[in-house]
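Have a look at the structure below, then the notes.
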Amino acid sequence: MARVAVVTGGTRGIGAAISKTLKSAGFSVAAVYAGNDEAAAAFKSETGIPVYKWDVSDHASCAAGLAQVEADLGPVDVLVNNAGITRDGFFHKMSAEQWSAVINTNLNSLFNMCRPVIEGMRNRNFGRIICISSINGQKGQAGQANYSAAKAGEIGFVKALAQENANKGITVNAICPGYIGTEMVRAIAQDVLDKRIIPQIPVGRLGEPEEIARCVLFLAADDAGFITGSTLSANGGQYMA
């Protein structure tokens with residue numbers, strides 16, 4: 001029977017590439033989204049992947065949503081925590097709302113999503129939890145104190161959860177993408193990309209969402225059981241930790 005994989009933020013950008021790649025590899029995929037109904041409907045029509053709508057920053061919504069996924073598809077074997085938002089601004093001008101929104105969606109969501117599935121994974125002696133962090137969680141970024149804090153927190157969460165569950169056949173790993181050619185990044189003015197961003201990347205180009213998806217597929221595999229608590233940097237050499 002196919003492994004069941006849940007991908008948050010799974011209908012657009014990097015998340016969409018992850019959902020498609022896992023499906024192509026034989027996983028039964030549930031793509032979770034928060035608000036863009038039109039994009040989610042188009043994604044479902046294109047891929048045949050079922051979509052589920054809930055707010056990952058709300059614990060009750062996550063518990064109810066995951067229960068529905070398990071009722072529809074079966075127990076969750078693979079959880080990809082990809083959903084995230086930005087509310088950028090220099091810290092001395094940052095509002096409490098900007099801080100809380102990013103911490104709640106990008107960091108507190110890890111508890112909300114992992115807590116409802118971890119006991120089942122432990123009982124079945126198998127699980128793959130993969131958190132999509134960021135290069136900015138490794139090196140920090142001006143104007144993103146909230147985002148960098150949340151993404152750095154993801155890495156600490158991964159290391160702790162990996163230690164707790166390694167003897168139960170559960171691996172927990174982080175992937176830290178650099179600049180990836182998503183719709184959001186490609187909307188940046190071309191001269192800014194060419195003059196300020198791409199010159200920072202030794203390979204000389206943006207990454208592709210599919211390159212992050214292949215990292216996820218590698219870590220999600222049954223035979224990736226000796227890799228846990230790791231941080232996989234996928235940034236074209238921009239930051240080497």
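The values are calculated or read from the model by the stated rules, or taken from the named source; none is laboratory data. As the structure is a computational prediction, the values presented were derived from the model and not from experiment. Positions of Cβ are generated from backbone atoms using ideal geometry, with glycine treated the same way; all protein chains shown enter the neighbour counts.
General observations
- Of all residues in segment 10-32, those that are without any contact (Cβ under 8 Å) to a residue 40 or more places away in the chain and surrounded by 24 or more Cβ atoms within 10 Å (Cβ to Cβ) total 3.
- Odd one out for residue 210, checked against (1) modelled with pLDDT of 95 or more; (2) outside any helix (DSSP H, G or I); (3) not aromatic (Phe, Trp, Tyr): (2)
- Within the span defined as segment 197-204, every residue fails to be in contact with a Ser or Thr (Cβ under 8 Å, 6 or more places away or on another chain) and either in contact (Cβ under 8 Å) with a residue 24 or more places away in the chain or surrounded by 15 or more Cβ atoms within 10 Å (Cβ to Cβ) (or both).
- Top-ranked residue of segment 71-104 - restricted to ones that are under 20 Å from the mean Cα position of the chain (by Cα) and of a type in the set (Asp, Glu), ranked as surrounded by the fewest Cβ atoms within 10 Å (Cβ to Cβ): 88
- Qualifying residue in segment 88-107 (condition: modelled with pLDDT under 95 and closer than 24 Å to residue 11 by Cα): yes
- Strands (runs of 3 or more DSSP E) wholly inside segment 33-146 containing at least 1 residues that are without any contact (Cβ under 8 Å) to a residue 60 or more places away in the chain: 51-53, 127-132
- Taken together, the residues in segment 228-241 that are part of a loop (DSSP other than H, G, I, E, B) and touching a Gly at 6+ places or on another chain (Cβ under 8 Å) amount to 4.
- Test: residue 225 is in contact (Cβ under 8 Å) with a residue 40 or more places away in the chain and assigned to a loop (DSSP other than H, G, I, E, B): yes
- Index of the failed condition, residue 241 passing every other in (1) surrounded by 15 or more Cβ atoms within 10 Å (Cβ to Cβ); (2) small (Gly, Ala, Ser); (3) touching a residue at least 40 places away in the same chain (Cβ under 8 Å): (1)
- Only listed residue being at pLDDT 95 or above, aliphatic (A, V, I, L, M) and closer than 20 Å to residue 22 by Cα, chosen from 135, 155, 130: 130
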